[in-house]
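Trainee: After the structure tokens below, expect a handful of questions from me.
Only the coordinates and a few stated rules stand behind these numbers; no lab work does. Predicted model only: the values in this text are computed from it and were never measured. Here the Cβ is made from the backbone with ideal geometry for all residues, glycine too, and neighbour counts use every protein chain on show.
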Ligand code: FES
């Protein structure tokens, strides 16, 4: 309870009675006072929605109505009729010696972390951008680890979307992956963006109802995996979900669960232009942030995308003029769903010792699918792990984005982007399990890189190390880079500036922070967010230095050049998201939004 000493004199009671309302400041807190139905009420003068002065609102029948967007508040307690507006803070009032006295620092009903956690739930349920912005900012400022909010959003997204894992949850996972690369303010933006996109994906959608696991825990792993893949093959969602939940309930290891999911995700090449395997990879990565207790529902959310996927072996581009599926079948063993041929190919001593041939990148980017498949098959035979080979293909896929010609149709940015994020996801999956099926993901990604070859005709120039005179300071280069995102058409300049930043000795972590900020101040689309995250991951995974045979210093900058170019092609946007975030941040800080 507040003590009597905390009350401050605000206004003579008679004056308030005559005016009916007053705007006062008590210890720096702007208050709206009302004399209504023989009672004095005090509320924060800033409308919780967007800060309009509530002293200019209408009071009638115990309801205060804001005049800007007409949010209504129960005057005595401040609770709103309109959840998009949030509740308004009320303040205790006492009448002393004919004066209205107000306690400007009342005890809050809930500590800030609990208050904002509740608001996060409300924002997700009602799909309210401003409420989500305030909640994610409030949670961060209350010192709540972003993993807690990520887990809440993940739970919501997997439960309330019958269609399962989608772009919203993928965005949440992407931003959780890069959050440590960002400035503190941008970490709030990242969490807000993830929450907003998950809420938007779930809005108006039927919820997901679980299929239970089988009662037995005794099914051997290979059989369960076979059942799961068979169910996915015939698009049987219920059966697949029961198998998957049984594997989780039987405490199968993360490696085994990954094998189960990624085997089904590579039974046909390049499912849904690569999105399905990317979703699966993001689900596993999200569990690293949210915790293993979310495994059951998160993996079950992958079933719907798996069983409804478009299969690229049914697309004409994979059949004509070159029958790529036929070439892959020759390697896999008669059918793209088989692995017997691959199993025979995989060297017994597959190890990290394998070194890629110096011409492998060139082969992967060239015009001969048979040569590509032969080169990959030779590598498998010679002991290349799926992870090492996936890294090579992801590097080639990044080159396709970095060298995308701006004379192509704009929509083809997505073509090279899909291949890049697919190859990155395959790479991520191979780091989780060494299941032989994932070699199929590597070959499939390589075929997609091949199919994209015309989008590098002619190839956009990639700034090689030392191509710039390196006279400018790195900060100047970053400023110029951010400037390219303020205008349209600066695609090649954005890529060149990334090269210049490296040439003048800039810290890659600063570059990532700048790119992250550039992403989060825009209304960045699903693909742009994916692209940046994949670029950061590929940059991190590419070893530093040079080995004499392959110029790794030249290679490691490619993903960041690629994503800077992709961003420049898609920016600027209207930045509506940033406007909402800024309003929420100012409201949470208690600043005035509405200029009187
Ligand atoms: S309803 Fe009050 S500012 Fe919008």
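Trainee: Give the order of 81, 7, 501, 571 when sorted by the count of other beta carbons within 10 angstrom, beginning with the fewest.
Mentor: 81, 7, 571, 501
Trainee: Something else: What does the extension gain come out to for residue 251 and residue 210, with contour length at 0.36 nm per residue minus their alpha carbon separation?
Mentor: 12.9 nm
Trainee: Then there is this: Can you bin the stretch 112-202 into rounded, prolate or oblate? Criterion: square roots of the alpha carbon gyration tensor eigenvalues sorted a ≥ b ≥ c, rounded for a/c under 1.5, prolate for a/b above b/c, oblate for the rest. The partial results should precede the final answer.
Mentor: On the way: a/c = 1.87, a/b = 1.23, b/c = 1.52.
The shape class here is oblate.
Trainee: Report the FRET efficiency, 1/(1 + (r/R0)^6), for residue 221 and residue 344, where r is their Cβ-Cβ distance and R0 is 25 Å, rounded to 0.05.
Mentor: 0.70
Trainee: Modelled label-to-label distance, residue 61 and residue 473, 7 Å Cα→beta-carbon offset: nm?
Mentor: In this crude label model, residue 61 to residue 473 measures out at 6.4 nm.
Trainee: Taking neighbour counts of Cβ atoms within 10 Å as a proxy for exposure, in what order, fewest first, do 521, 440, 431 appear?
Mentor: 431, 521, 440
Trainee: Out of all DSSP beta bridges with both ends in the chain, state the antiparallel percent to the nearest 5.
Mentor: 95 percent
Trainee: Another question about this same structure. Hey, could you pull the Cα Rg and Dmax for the stretch 261-328, both in Å?
Mentor: Gyration radius and largest Cα-Cα distance of the stretch 261-328: 14.3, 48 Å.
Trainee: If each residue of separation counts as 0.36 nm, what is the full-extension length gain between residue 353 and residue 453 once their alpha-carbon separation is subtracted? Before the final figure, lay out the partial values.
Mentor: On the way: separation 100, 0.36 × 100 = 36.00 nm, distance 3.02 nm.
Roughly 33.0 nm would be gained on extension.
Trainee: Follow-up. State the volume of the convex hull built on the alpha-carbon positions of the stretch 4-102, expressed per residue in Å³ and rounded to an integer.
Mentor: About 85 Å³ per residue, rounded to a whole number.
Trainee: Can you check what the Kirkwood hydrodynamic radius comes to for the stretch 440-538, Cα pairs only, in Å to one decimal?
Mentor: Hydrodynamic radius (Kirkwood, Cα only) of the stretch 440-538 equals 15.2 Å.
Trainee: Return one number: the angle in degrees, 0 to 90 and rounded to the nearest 10, between the long axis of the Cα atoms of helix 167-178 and the longest principal axis of the Cα atoms of the chain.
Mentor: Helix 167-178 and the main axis of the chain meet at about 90 degrees.
Trainee: To test your reading of the geometry: what angle, between 0 and 90 degrees and rounded to tens, separates the Cα axis of helix 237-249 from the longest principal axis of the chain?
Mentor: 80 degrees
Trainee: Related question: Quickly work out the residue 5-to-residue 159 label distance, labels modelled 7 Å from Cα along the C-beta direction, and quote it in nm with one decimal.
Mentor: Reported label-point gap for residue 159 and residue 5 is 4.5 nm.
Trainee: By how many degrees, 0 to 90 and rounded to 10, does the Cα axis of helix 146-159 deviate from the longest principal axis of the chain?
Mentor: Around 80 degrees separate the two axes.
Trainee: Could you list log10 I(q)/I(0) for the stretch 316-456 at q = 0.14, 0.16, 0.19, 0.21 Å⁻¹, which the Debye formula gives when each Cα is one point scatterer?
Mentor: Debye curve over Cα of the stretch 316-456, log10 I(q)/I(0) at q = 0.14, 0.16, 0.19, 0.21 Å⁻¹: -0.60, -0.78, -1.10, -1.32.
Trainee: Helix-only mean residue ellipticity at 222 nm, the chain, DSSP H runs n ≥ 4 weighted -39,500 (n - 2.57), per residue, nearest 500. What is it?
Mentor: -16000 deg cm²/dmol
Trainee: Report, to one decimal in Å, the Kirkwood hydrodynamic radius for the stretch 391-463 based on all distinct Cα pairs.
Mentor: For the stretch 391-463, the Kirkwood estimate is 12.4 Å.
Trainee: Within 10 Å of each residue's Cβ, count the other Cβ atoms and sort 574, 453 from fewest upward.
Mentor: Ordered by Cβ neighbours within 10 Å, fewest first: 574, 453.
Trainee: Provide Rg over Rh for the chain; use the alpha carbon set for both Rg and the Kirkwood Rh (inverse mean inverse pair distance). Mind showing how you got there, number by number?
Mentor: On the way: Rg = 28.3 Å, Rh = 26.5 Å.
Reported Rg/Rh (Cα atoms, Kirkwood Rh): 1.07.
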